[in-house]
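A quick write-up on the structure given underneath.
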Amino acid sequence: MESLRGPFKSAVPSNVVSPVRRCSRTACGRPAVATLTYVYADSTAVLGPLATYAEPHCYDLCSEHSERLTAPRGWEVVRLAVDTGPARPSGDDLEALANAVREAARPQDRAPGTTPTSPHGREVDPMEVARRAHLRVLRSPDS
């Protein structure tokens, strides 16, 4: 259905969203290469490699703005090494992934009804040493 003004048109032109993250600085459209995070408690600005995900309280910066970054008087700027090359998985990453796949594929040897439970009634993984919120500490498979 069309209105009297013709077909509905957006007041803002719509472009295809770019998969490349852009610099957070106003009017800068260059690709981001680093992420800036402020640690207010320590009066520190931390500039490091581009974060995996865009976070609401972090700022993505292009190479020019990350090189020219200054902090307010009394603040310290911590610059972490920014890798300019393409990210490649390390041997440790691949080994950890392979071990996780092997562990997931391993059949469970427990008999029905013998699954240990926590005081909260949840099943407890025998490899689990400790738990804090959603994080778990697991025992090394060698021990």
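The values are calculated or read from the model by the stated rules, or taken from the named source; none is laboratory data. Everything quoted here is computed from the prediction, not taken from an experiment. Cβ placement follows ideal geometry from the backbone for every residue including glycine, while neighbour counts extend to all protein chains displayed. Heavy atoms of the whole protein, side chains included, go into the accessibility calculation; ligands, DNA and RNA do not. Shrake-Rupley method; radii C 1.70, N 1.55, O 1.52, S 1.80 Å.
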Leaving ligands, DNA and RNA out of it, rank 30, 132, 21 by accessible area with a 1.4 Å probe, largest first. 132, 30, 21
By accessible area with a 1.4 Å probe, ligands and nucleic acids excluded, highest first: order of 128, 55: 55, 128
Along the range 56-66, Karplus-curve 3J(HN,Hα) (6.51, -1.76, 1.60; θ = phi - 60°) to the nearest Hz, with x for Gly and Pro, reads x, 9, 10, 10, 8, 10, 6, 5, 5, 5, 6
Spin-label model distance (nm) - residue 25 vs residue 137, 7 Å beyond Cα toward Cβ: 4.4
Heavy-atom accessible area ranking, 1.4 Å probe, most first, across 38, 59, 53: 53, 59, 38
